[in-house]
Amino acid sequence: MAIITRPPATVAKKAVTIRLPEPVAHTLHDYATFLGSSLDHVVVEALKLVFKKDAEFKAWQIQQNSSPPPSAVRVDSWAAVPLFSEPKRDGHRATGGESREG
């Protein structure tokens, strides 16, 4: 029985280009032929298996996802100031504390 199963329903994909040593590429082709599957499917399932089994990677990934990004921690005073003010009801734009009466 094969370790990697046939592909499920279609999922959105992103293209990634890699270079493999020739013996690995040959074995990849053989395994895909053995399964009656695509090279993409074999690589995806093999990577999913590695990600699932690697406890150190899982711990690292959890730590990365739980740490807030540096930009979320620091708040710049200018970040809250809009670049453009909202239009007033009379069609003019207010700037700063000034108001235009028209």
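The heavy atoms of VAL50 offer some 80 square angstrom of accessible surface to a 1.4 angstrom probe.
Remark: the ARG6-GLN63 segment gains 17.3 nm on full extension, using 0.36 nm per residue and subtracting the alpha carbon distance. Under the combined filter of DSSP loop state and at most 14 neighbouring Cβ atoms within 10 Å, the stretch 1-57 retains these trypsin sites (Lys or Arg not before Pro): LYS13, LYS14, ARG19.
The values are calculated or read from the model by the stated rules, or taken from the named source; none is laboratory data. For clarity, every value in this text was computed on a predicted model and none was experimentally measured. Here the Cβ is made from the backbone with ideal geometry for all residues, glycine too, and neighbour counts use every protein chain on show. Surface areas here come from the heavy atoms of the whole protein model, side chains and all, with no ligands, DNA or RNA. Shrake-Rupley method; radii C 1.70, N 1.55, O 1.52, S 1.80 Å.
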